[in-house]
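Down below is the structure, laid out as structure tokens.
The values are calculated or read from the model by the stated rules, or taken from the named source; none is laboratory data. Predicted, not measured: the structure shown is a model, and the values here were computed from it. Note: ideal-geometry Cβ built from the backbone for every residue, glycine included; neighbour counts use all protein chains shown. Calculation scope for accessible area: heavy atoms of the full protein, side chains included, ligands and nucleic acids excluded. Shrake-Rupley method; radii C 1.70, N 1.55, O 1.52, S 1.80 Å.
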Amino acid sequence: MKIGVFVCHCGTNIEGTVDTAAVAAASREFPGVVFATDTMYACSEPGQDGIIEAIKEHKLDGVVVASCTPRMHEPTFRRTLERAGLNRYLFEMANIREHVSWIGKDREANTNKSADLVRMAAAKLLKNRPLFSKQFPVNKSVMVVGGGVAGIQAALDCANGGLKVVLVEKDTTIGGKMAKLDKTFPTVDCSSCVLGPLMVDVAQHPNINLHAYSEIEEVNGYVGNFEIKVKKKASYVDWDACTGCGLCVEKCPSRKATDFFNEKLATTKAINIPFPQAIPKKAKIDPDFCMKIQKDKCGVCAKVCPSEAIDFTQKDEFITENVGAVVAATGFDLFDWTVYGQYGGGKYPDVITSLQYERMLSASGPSEGHIKRPSDGKEPKNVVFIQCVGSRDKSVGRPYCSGFCCMYTAKQTILTKDHIPDSQSHVFYMDIRSPGKLYDEFTRRAMEEYGANYIRGRVSMIYPKGDNLVVRGADTLMGAQVEIDADLVVLAVGAEASVGATDLAKKLRISYDAYGFFMEGHPKLKPVETNTAGVYLAGACQGPKDIPASVAQGSAAASKVLGLFSQDMLASDPQVSVVDIKRCIGCGKCIQTCPFGAIKEIDFRGMKKADVIETICQGCGICTSTCPQGAVQLQHFTDNQILAEVNAICRF
Amino acid sequence: MSDSLNYAYYPGCSGTGTSIEYDMSTRAICAKLGITLNEIPDWSCCGSTPAHTVDHTLSSALSARNLALVEKMNLSTAITPCPSCLTNLKTATHRMGKDEFRDDVNKLLDTPYNGGVDTKSVLQIIVEDMGLDALKSKVVKPLKGLKVAAYYGCIMNRPPEVMNFDDPEHPMAMDNILTALGATVLPFPLKVECCGASFGIPRKDIVMSLSGKLLDAAQDIGATALVTACPLCQMNLDLRQDQINSANGAKHNIPVFYYTQLIGLALGLDEKELGIDKLCVSPRKVINDIGAEDAS
């Protein structure tokens, strides 16, 4: 093999602490190397052209580029090789930037280490063999998990692009958190008026199949060919028959069921439809509060239902959907603020969450848009808002900023003034974070036009005094302690990963961070991809996000899916495990350890053997280190290739 | 069970003077409840507030000296009635968890202390080691009709990672004890508010304002007595109640008990033993009213 070595300056990133010309000179002495040079930017157009010219001029059949991490530019240089007519796997990269120049200042030591890394890469390259992708067909349908605004947007964009969409929503209606909001910032337009039409579009779109009150049970398969088991939870109502007329809800005598849609501000009927614009508009029985299910009494709903849809014996049902891609859009949940003893820990009824306040403001909420204190139903005049409750607070394990609370708090102060003109809002804040189009102007409006009293500081204590609450905090700009008599306290609770997010991540085989938010493929350049092919992200499941950002991500994820499905066949990655059938003893250890279910047992002339399903294998290599016989080898990372690198570095 | 209720006892300096009734009542109820108190021989001051505000190492050495004495007694737990002493003992232990700091402290001591002693409040061992059921079973004179506000002060439970006892914002230990004694415990919103502490000397106005708020809040909820577990809190609220009244134009007349005194009354102990006569605001009427509803 004739190897060419290209040592990149990366401007001064590498050249600043590595003598790249010396590395190139040293490389010329390594086995197989016939050509070596340093180059200003290997990844630039002239840099790549230089590699192609050298391949042709020196008849190279393998290339080493010593530059940066392969994460970004390995695909770049592999394409360069292909343009020059070489197989893309006859390429190795030595990372002399992240592993050398950025971490040490000793130029001589750095130069020596860089040369060693090039020596390893060249030694491995000598053992490399051309590898070829296989083609496999794509199922051009997509599953969107989560029917909040991000999932709705992703589903509609995919469906409008001609794809079949399966939308799975765990609640009985789509709409997510946005459906609970009264108004949106910075326009103060009605949330359900904006979202409602989109929800209707979902219901009516011929390409969208909606499974509400359903959850993902099991995910098998791989990009282009996922097989997903969906649990349709028992609603005790036959939804094919239910027309959503609401007669059952009207007549149900059990009134104490938990009203999750109204954030537990009120109670609801044991059989209920969460809100008038629900999609699908179907009734569901809460079995904990149904007298028929609990005590075998009542059954009024079944008697009044004109379409005989009530089925007290309904069980969970499982269905299987085959799709080619998945968009996770599972959103967020609210931080449980009751850990804050200083805010009463849940003892005081007039300390509520921002989302509860939102339901209070909403005309479809339990108080029909009138702000009323939970304790006595009185209209509050002094409303205190506390920001960063469960955000930017290491002491409760939530060091991150939830991003949207500053904005919705400003909105809520404006709405408070609109609802109760003689009211006064007070906002305790840490910093006002309002980067966004018309966002900062909006917070200024809350202060300047609506007279919200912004106090920079944290609240140390809320305690009852008579019928009211005293909110004590610091005013750090004045260097003073403040105490405010409040009729109502609204906590701007932060966002956290939704309940069950990590379980779903495990099923989808995607990564999540320390807080349970799903990990994107690259923090800047792959914001909606994951490291699992065919699985994409949209909305707050990836990190707290406001509505515009969630919608943008929904569309972005859809465009990725449409791009993926623009091809009829997909190429598999040939860097997969291969079983040497002569060495395999059929012990099955690899089958047990494979995290992707990519190895199956086969019968080979009456003998048990392992066999790798190429399209499922992700090339993690766990099987290769598990196999007691060394019978499984990961292509492009074989034992021989790795040992060649080890030998190159351990010469003395 | 009573075999296990055996502790080294650290009375603290105020227990020999300004809060002698706290010490008296603690010893009296422990004797009655089968809790053995072994006073640490030759114990010395914990350093109180002045020491730790000036020098952490010297302050910790004062506490560590006492803990080293406990080690010699072959007892694993030292208890004290005073939250301020407890804070110093616990903070010293906490800080001495770091090798360098421990070495610095031990250089100052004849007998080095290596951290084998657990420190707790008398309140904590009554609730956790003895238990409320055991306490309740020994009550002979329930405090029926006594409407109390339990006031813990700011340092009994805080900082939580050092004190490691009860809820730092809403402690319940005394509430639960008083309920077990038959008293009516009212929800006191300022349980862990500061009384002004030792500012009574340099800035009396601060104590007038802070302790005044506590008395106002107790009155607001209809308490006829305040119950404390801290000598300084008790002194500010009781001894200075007249001063607070004249500073704030108030007319409070709320007796301020140590919780140990009320346990003693419920156990049927003699008022003299409990130092009831040491209280400044007379508790006579309140005590006489206990159980009065029954009689009528």
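Residues considered: A:K417, A:K411. Of these, the only one that is assigned by TED's automatic domain parsing to the domain that holds A:N468 and open to solvent by 40 Å² or more (accessible area, probe 1.4 Å) is A:K417. Has segment A:571-593 got at least one residue that is β-branched (V, I, T), within 19 Å of A:V535 (Cα to Cα) and open to solvent by less than 80 Å² (accessible area, probe 1.4 Å)? So far as segment A:571-593 goes, no, none of its residues is β-branched (V, I, T), within 19 Å of A:V535 (Cα to Cα) and open to solvent by less than 80 Å² (accessible area, probe 1.4 Å).
Scanning segment A:411-458 for residues that are assigned to a helix (DSSP H, G or I) and under 20 Å from A:T476 (Cα atoms) gives A:T443, A:R444, A:M447. In this structure, does A:S555 turn out to be in a loop (DSSP other than H, G, I, E, B) and either charged (D, E, K, R) or at pLDDT 95 or above (or both)? In short, no.
For (1) within 14 Å of chain A (Cβ to nearest Cβ); (2) free of Cβ contacts under 8 Å to residues at least 12 places away in the same chain, each residue gets a yes or a no:
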| position | (1), (2) |
| --- | --- |
| B:N114 | no, no |
| B:Q124 | no, no |
| B:V127 | no, no |
| B:K138 | no, no |
| B:L143 | no, no |
| B:C154 | yes, no |
| B:P160 | yes, yes |
| B:P171 | yes, no |
| B:G182 | no, no |
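Residues in segment A:204-223 that are out of contact with any strand residue (DSSP E or B) (no Cβ under 7 Å at 6 or more places or on another chain) and either closer than 24 Å to A:S498 by Cβ or open to solvent by less than 40 Å² (accessible area, probe 1.4 Å) (or both): A:H205, A:A212.
Consider segment A:525-548 and keep the residues that are more than 24 Å from A:G221 (Cβ to Cβ) and among the aliphatic types (A, V, I, L, M). The one that is most open to solvent (accessible area, probe 1.4 Å) is A:L525. Here A:I613 qualifies as of a type outside the set (S, T, N, Q), without any contact (Cβ under 8 Å) to a residue 40 or more places away in the chain and within 30 Å of A:V528 (Cα to Cα).
I'd like to know if segment B:227-237 contains one or more residues that are in a helix (DSSP H, G or I), within 14 Å of chain A (Cβ to nearest Cβ) and either open to solvent by less than 50 Å² (accessible area, probe 1.4 Å) or basic (K, R) (or both). Explain how you work it out, then say what you get.
Keep residues of segment B:227-237 that are in a helix (DSSP H, G or I), which gives B:231-237.
Still in the running and within 14 Å of chain A (Cβ to nearest Cβ): none.
For segment B:227-237, residues in a helix (DSSP H, G or I), within 14 Å of chain A (Cβ to nearest Cβ) and either open to solvent by less than 50 Å² (accessible area, probe 1.4 Å) or basic (K, R) (or both): absent.
Out of all the residues in segment A:318-330, is one or more assigned to a loop (DSSP other than H, G, I, E, B), touching an Asp or Glu at 6+ places or on another chain (Cβ under 7 Å) and either away from chain B (no Cβ under 14 Å) or at positive phi (or both)? For segment A:318-330, residues assigned to a loop (DSSP other than H, G, I, E, B), touching an Asp or Glu at 6+ places or on another chain (Cβ under 7 Å) and either away from chain B (no Cβ under 14 Å) or at positive phi (or both): absent. Considering only segment A:466-474, I want to know if a residue exists there that is outside any helix (DSSP H, G or I), open to solvent by 30 Å² or more (accessible area, probe 1.4 Å) and either more than 14 Å from every other protein chain (Cβ to nearest Cβ) or touching a Ser or Thr at 6+ places or on another chain (Cβ under 7 Å) (or both). Yes, because at least one residue in segment A:466-474 is outside any helix (DSSP H, G or I), open to solvent by 30 Å² or more (accessible area, probe 1.4 Å) and either more than 14 Å from every other protein chain (Cβ to nearest Cβ) or touching a Ser or Thr at 6+ places or on another chain (Cβ under 7 Å) (or both).
Only one of B:I206, B:I177, B:I201, B:I221 is more than 11 Å from chain A (Cβ to nearest Cβ) and closer than 23 Å to B:I263 by Cα; which? Before you say what the answer is, go through the steps one by one.
Values: B:I206 fails: closer than 23 Å to B:I263 by Cα; B:I201 fails: closer than 23 Å to B:I263 by Cα; B:I221 fails: more than 11 Å from chain A (Cβ to nearest Cβ).
Within the list B:I206, B:I177, B:I201, B:I221, the selection yields B:I177.
Please count how many residues of segment A:343-367 are within 14 Å of chain B (Cβ to nearest Cβ) and either among the acidic types (D, E) or over 27 Å from A:A540 (Cβ atoms) (or both). Reasoning before the result, please.
Within segment A:343-367, the subset within 14 Å of chain B (Cβ to nearest Cβ) is A:343-351.
Filter once more, keeping what is either among the acidic types (D, E) or over 27 Å from A:A540 (Cβ atoms) (or both): A:344, A:347-350.
Qualifying residue count, segment A:343-367: 5.
Yes or no: A:Y463 in the same structural domain as A:D350 (by TED's automatic domain parsing), part of a strand (DSSP E or B), in contact with a helix residue (DSSP H, G or I) (Cβ under 9 Å, 6 or more places away or on another chain) and open to solvent by less than 30 Å² (accessible area, probe 1.4 Å)? Full working, then the answer.
Values: in the same structural domain as A:D350 (by TED's automatic domain parsing): yes; part of a strand (DSSP E or B): yes; in contact with a helix residue (DSSP H, G or I) (Cβ under 9 Å, 6 or more places away or on another chain): yes; open to solvent by less than 30 Å² (accessible area, probe 1.4 Å): yes.
Criteria met by A:Y463.
Okay, residues lined up against (1) over 25 Å from B:S137 (Cβ atoms); (2) touching a residue at least 60 places away in the same chain (Cβ under 8 Å); (3) out of contact with any Pro (no Cβ under 8 Å at 6 or more places or on another chain):
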position: B:L226; (1), (2), (3): yes, yes, no
position: B:L232; (1), (2), (3): yes, yes, yes
position: B:T260; (1), (2), (3): no, yes, no
position: B:N288; (1), (2), (3): yes, no, yes
position: B:G291; (1), (2), (3): no, yes, no
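Quick check on segment B:240-280: of everything there that is among the small types (G, A, S) and not in a loop (DSSP other than H, G, I, E, B), which residue is surrounded by the fewest Cβ atoms within 10 Å (Cβ to Cβ)?
It comes out as B:S246.
Across segment A:553-570, the number of residues qualifying as more than 16 Å from A:G224 (Cβ to Cβ) and open to solvent by 60 Å² or more (accessible area, probe 1.4 Å) comes to 1.
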